[in-house]
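Undergrad: Before we start, here is the structure in question, set down as structure tokens.
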């Protein structure tokens, strides 16, 4: 067990205790607003990102990624072998290098509006970061709008019957919410893929027992990586 495992176990413990404290009904209401907000953001972000790829924000992110990875010193490689060698030498986790290699084709170049491998790498990583930023903003907007639902049900949880039942249900619900929260953290972590500390953190997760299980089954990350465009 390493630091990543301890971090994950602590988060799960906090959410379980909070679920016991709040009870099942209150937890269901809170979870429903979070879930609906998350679904809305995941459904809508591809459309928003498609428009945002033509914005100054995307150009800024692409330039920042290019600088972080030190790509400006490389010439635009024309041969397939040279491109794959460049990608394989990037200071990124293997998963991202594999995804860059697989998507290194003319179709993705057209979607990203690039014509060489250096710009492709910068734009590809920038697109991942943009997807995460847009998803977070949409989630915050949807969640803020759904807070009115909680106010409508706030009276129910004060009744004696409701208050004395649902503790076990609250604990189970808290555990489920904790797993989703950790999945969201892992998804957001991908936005910092070009930073040196990411590789250290990724290696720590890879050597863990509990954290790696959640990382490999992260539905949010897998969903977003499949819907990049």
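Undergrad: Could you please give the count of residues in the stretch 204-218 that are in a loop (DSSP other than H, G, I, E, B), under 18 Å from the mean Cα position of the chain (by Cα) and surrounded by fewer than 19 Cβ atoms within 10 Å (Cβ to Cβ)? Reasoning before the result, please.
TA: Taking the stretch 204-218 and keeping what is in a loop (DSSP other than H, G, I, E, B), we get 207-210, 217-218.
Subsequent filtering for residues that are under 18 Å from the mean Cα position of the chain (by Cα) retains 217-218.
Add one more test, that the residue is surrounded by fewer than 19 Cβ atoms within 10 Å (Cβ to Cβ), and what stays is 217.
Final tally of qualifying residues: 1.
Undergrad: Within the stretch 108-203, which helices (runs of 4 or more DSSP H) (wholly inside it) include 2 or more residues that are in contact with a helix residue (DSSP H, G or I) (Cβ under 9 Å, 6 or more places away or on another chain), farther than 26 Å from residue 44 by Cβ and modelled with pLDDT of 80 or more? If you could, list the steps in order and put the result at the bottom.
TA: On the way: elements: 117-153, 160-164, 167-189.
Qualifying helices (runs of 4 or more DSSP H): 117-153.
Undergrad: Moving on to the next point. If you go through the stretch 59-80, how many residues are at pLDDT 85 or above and in contact with a helix residue (DSSP H, G or I) (Cβ under 6 Å, 6 or more places away or on another chain)?
TA: 4
Here's the yes/no breakdown for (1) in contact with a strand residue (DSSP E or B) (Cβ under 6 Å, 6 or more places away or on another chain); (2) exposed (fewer than 13 other Cβ atoms within 10 Å of the Cβ); (3) farther than 26 Å from residue 203 by Cα:
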residue	(1), (2), (3)
73	no, yes, yes
100	no, no, no
114	no, no, yes
123	no, no, no
136	no, no, no
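The values are calculated or read from the model by the stated rules, or taken from the named source; none is laboratory data. The model shown is predicted, which means the values in this text are computed figures rather than measured ones. Positions of Cβ are backbone-derived with ideal geometry, glycine not excepted, and every protein chain shown enters the neighbour counts.
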